[in-house]
1. Just one of Leu170, Leu136 is assigned by TED's automatic domain parsing to the domain that holds Gln241 and either surrounded by fewer than 19 Cβ atoms within 10 Å (Cβ to Cβ) or not in a helix (DSSP H, G or I) (or both); which is it?
2. Show the residue pairs meeting these rules: Cβ distance below 8 Å; 6+ apart or different chains; first residue within region 249-261 and assigned by TED's automatic domain parsing to the domain that holds Gln235; second residue among the hydroxyl-bearing types (Ser, Thr, Tyr).
3. For region 60-109, what are the residues that are among the hydrophobic types (A, V, I, L, M, F, W, C), closer than 30 Å to Ala368 by Cβ and outside any helix (DSSP H, G or I)?
4. Got a sec? Which strands (runs of 3 or more DSSP E) wholly within region 202-298 have at least 1 residues that are under 23 Å from Gly313 (Cβ atoms)?
5. Restrict the check to region 335-343 and report whether at least one residue is of a type in the set (A, V, I, L, M) and either loosely packed, with under 12 Cβ neighbours inside 10 Å or more than 30 Å from Leu109 (Cβ to Cβ) (or both).
6. Restricting attention to region 37-46, does a residue exist that is outside the structural domain of Glu281 (by TED's automatic domain parsing), closer than 21 Å to Pro107 by Cα, free of Cβ contacts under 8 Å to residues at least 60 places away in the same chain and in a loop (DSSP other than H, G, I, E, B)?
7. Do you know which residues across region 286-299 are among the hydroxyl-bearing types (Ser, Thr, Tyr) and in contact with a strand residue (DSSP E or B) (Cβ under 9 Å, 6 or more places away or on another chain)?
Amino acid sequence: MSKKIAILGSTGSIGTQALEIVRANPDVTVTALAAGSNVELIEKQIREFRPEIAALWDEESAKKLALAVADLPVKVLSGMDGLLEIARHEATDSLLTAVVGMIGIRPTLAAIEAGKDILLANKETLVTAGHLIMPLAQQKGVKILPVDSEHSAIFQSMQGQDKQAIEKILITCSGGPFRGRQKAELKEMTVEDALKHPNWAMGKKITVDCSTLVNKGLEVMEAKWLFDVDYDDIQVVVHPQSIIHSMVQYRDGAVMAQLGLPDMKLPIQYAMFYPYRRPMEGKRLDFFELGTMTFEPANTDNFPGLALALKAGRTGGSMPTVFNAANERAVALFIKGKIKFLEVAELIERCMDEHRVVENPDLEQILAAEAEAYEIIERLK
């Protein structure tokens, strides 16, 4: 079963791990690679995996890349045009979207239109445009295969089950580096503190999102679209050991869970070869070494980002876009040291308070809501 895959975000955490899986499975062909501005790493990837197309978001970086790989038969592109060409590339059957942010929406829509299966590692796509993505995928007969560990766990726990019998989805959460901290302590938390995730190795933005619990809110919104459930039927469960990656409760009371060590390669590989399971090297879960697993509710008083996400999701329309865009910009300010940790949620709330909801936004209205949130934060900061 040969696979032809294109990767958006090839130099990031998910992209590099996906290429490790490709390296171990010689029947997978990489047709295209895209990244932000990391010329050195994507050049190495191009030389090893020999894609037909490569793109960098940054135009100047793309020019440097074109010179660096001038000896190879690879087409080098830049910007959104590059991502869209990769998304539609005829030689591709699956597109892994591992870019961070709303930049992923247009390429995902273009790939679905072109009949490509989507390996989804970009939360923002469904958070802001789930009402556009899911109906189009159904219409085109395209699979949306989740790569996030939580959504992959839910997806795996649904295999062979009656989807109409789902009673509740339980999304697990490590609690991040600040689990158990009080608000008075959180006031003083630095970027370095926020980036010390206890279990997972991820990019800066997502790691900060884990520290605010915003990431879990985005995952709840994504789960609503992926699995066609109501917000009332999704529960966040803090599970510090990150061994149960998520669960599904059925109407007879049975709970199906997917367990494993915290390793993103498993969900990436499962999506890549679904519905088949291939061998994969690595340490196995040892229950005797683990000893115990614990569970507790999420504290939305100390971590209001999760509560704001649920409010945005329930409001619907353009509000999830405002929530997401405000968070993106606020996290960027926090990482640069321009705002304090607790100000991230405060800025999100200010943007949500000022926004007038568009009920069923099209792509242009989604992008306009994003721009509006950016403008509000610019004015406030």
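The values are calculated or read from the model by the stated rules, or taken from the named source; none is laboratory data. Being a predicted model, the structure only gives us computed values, none of them experimental. Glycine gets a Cβ as well: all are built from the backbone with ideal geometry, and neighbour counts include every protein chain shown.
1. None of the others qualify; the one that does is Leu170.
2. Met256/Ser157; Met256/Tyr250; Ala257/Ser157; Ala257/Ser246; Gln258/Ser152; Gln258/Ser157; Gln258/Ser246
3. Correct list: Leu77, Leu95, Leu96, Ala98, Val99, Val100.
4. The strands (runs of 3 or more DSSP E) meeting that bar are 234-238, 244-250.
5. Checked against the condition, which is being of a type in the set (A, V, I, L, M) and either loosely packed, with under 12 Cβ neighbours inside 10 Å or more than 30 Å from Leu109 (Cβ to Cβ) (or both), region 335-343 yields at least one hit.
6. Checked against the condition, which is being outside the structural domain of Glu281 (by TED's automatic domain parsing), closer than 21 Å to Pro107 by Cα, free of Cβ contacts under 8 Å to residues at least 60 places away in the same chain and in a loop (DSSP other than H, G, I, E, B), region 37-46 yields at least one hit.
7. Thr294
Matching residues to (1) crowded, with 20+ Cβ neighbours inside 10 Å; (2) at pLDDT 95 or above; (3) touching a His at 6+ places or on another chain (Cβ under 8 Å):
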| residue | (1), (2), (3) |
| --- | --- |
| Thr31 | yes, yes, yes |
| Gln45 | yes, yes, no |
| Ala68 | no, yes, no |
| Leu83 | yes, yes, no |
